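Written out below as structure tokens is the structure these notes cover.
The values are calculated or read from the model by the stated rules, or taken from the named source; none is laboratory data. Here the structure is a predicted model, which is why all the values come from computation and not from measurement. Quick reminder, even Gly has a Cβ in these numbers, built from the backbone with ideal geometry, and neighbours come from all protein chains shown. The accessibility values were calculated without ligands, DNA or RNA, using every heavy atom of the protein model including side chains. Shrake-Rupley method; radii C 1.70, N 1.55, O 1.52, S 1.80 Å.
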Amino acid sequence: MRVPYDVMCQEFARVLMKKGFEREKAELSAKLYADASRDGVHTHGLNRFPKFIASIDKGCVDIGAEPELTQSFGFFERYDGKRGPGNLNAHACMERAVRLAKEHAIGCVALKNTNHWMRPGNYGLMAAEENCIGILWTNTVPNMPPWGGRDARLGNNPVVFAIPNGDGPVLVDVAMSMFSYGKLESYARSGQELPVDGGFNKEQKITRNAAEILETHQSIPIGYWKGSGLSLALDLIGAALAGGRTSRMVGELPAETELSQVFVAISLDKLGNPEELKKNIRETLEDMKTSAPVNPERPVYYPGENMMRVRKESMEKGVLVDEGIWKSVVEM
């Protein structure tokens, strides 16, 4: 079924205010959830919302907390998230990174002691809208084995790259596992097979069955050993910059919380000749799209291009939702 975007925002905000959020914070958090579903990232929009409410009820999230500046080094700042709402902490830190970039050309904010940031692409788009390149990543609870191992020792540590391009920014938003756990849950719920191999089952056989991978927590890193190494590097760099927990340390807690995250913004306006930069980006994307498609019915898209088509459709026809999950939110 489809739900009007404004109605989705209102319902999320209503529930959050009943949980004790101030109106302004509730409305911003609600918008971030609705934006994810609007753009087709259902796993970190509506589908994730009930889990967020459960994390509040379990005491993992302090709804009144705000990120606190702990150290400043000019263009680089460190913040303590105080276990506040992950999406609000991330929004504040990306906003600050952009402001620092407007002043110094580059701005970097590292955040410790925060919660799941929901859809990270939201914060990359914030940078792109300000004509900044956005680079950001987080660590997670250990949920992926290192390449060659069986036990989960690495986080799948999502990373985002956002590049301005008029009304259609480039947006790369990927976990270090072949599929995020939200995506695995969606496939398991629908009973659909994964389009490519996603992990190992109990018999240590490669599988496209999402439910089997959720059972073993043995998802495949992207690029096999390369993704495994990238995951480790992102974890160690993020924790070092933030002065926070590594994935191993997060795994020692009763629940996934107290994460480390990094937000980088680079202002194209400060680099000189911004029009030439825009032209180079645009022409490179146009050239990429001239590649002959493998399937004539599926043209070549650059990352983020299809998102804009889904967004337009969502705003015109309503946001596509899982009827059961939407009903559970309406009844909260």
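Counting only protein heavy atoms and using a 1.4 Å probe, the accessible area of I325 comes to about 30 Å². Shape analysis of the range 197-284 places it in the oblate category; the axes a ≥ b ≥ c from the Cα gyration tensor give an a/c of at least 1.5, with a/b not above b/c.
Can you bin the chain into rounded, prolate or oblate? Criterion: square roots of the alpha carbon gyration tensor eigenvalues sorted a ≥ b ≥ c, rounded for a/c under 1.5, prolate for a/b above b/c, oblate for the rest. Rounded is the answer for the chain, as its axis ratio a/c remains below 1.5. Dividing the mean sequence gap of close Cα pairs (under 8 Å, 6+ apart) by how many residues the range 1-156 holds gives a relative contact order of 15 percent.
Remark: accessible surface ordering of E77, E283 (largest first) is E283, E77, probe radius 1.4 Å.
Under the combined filter of DSSP loop state and at most 12 neighbouring Cβ atoms within 10 Å, the range 69-139 retains these chymotrypsin sites (Phe, Trp or Tyr not before Pro): F73.
For E215 and V300 in the same chain, what is the full-extension length gain: residue separation times 0.36 nm, less their Cα-Cα distance, in nm?
Going from the current span to full extension adds 27.1 nm.
Accessible area per residue was computed with a 1.4 Å probe on protein heavy atoms; M332 scores about 70 Å².
In the full protein context, the chain carries 48 Å² of accessible surface per residue, based on a 1.4 Å probe and ignoring ligands, DNA and RNA. Note on the chain: GNM, Cα springs under 10 Å; of N165, N87, N273, the largest mean-square fluctuation is that of N273.
Only Cα pairs under 8 Å and at least 6 apart count here; give the relative contact order of the chain as a rounded whole percent.
Across the chain, relative contact order equals 22 percent.
Taking only protein heavy atoms and a 1.4 Å probe, the accessible area of the chain is 53% carbon and sulfur. When the Cα centres of the range 109-176 and the range 310-329 are compared, how far apart do they sit, in Å? Value for the Cα centre distance between the two parts: 24 Å.
Tell me, what is the percent relative contact order of the range 115-265, built from C-alpha pairs under 8 Å that lie six or more residues apart?
29 percent.
Taken over the range 7-149, the convex hull of the Cα atoms encloses 137 Å³ per residue.
Suppose the chain between M17 and R189 were pulled fully straight at 0.36 nm per residue; how much longer would it get relative to their current alpha carbon spacing?
Result for the pair: 59.0 nm of gain on full extension.
Multiplying the residue separation of K289 and R309 by 0.36 nm and subtracting their alpha-carbon distance yields 5.6 nm. Taking every protein chain into account, the 1.4 Å probe leaves D151 with about 90 Å² of accessible area, to the nearest ten.
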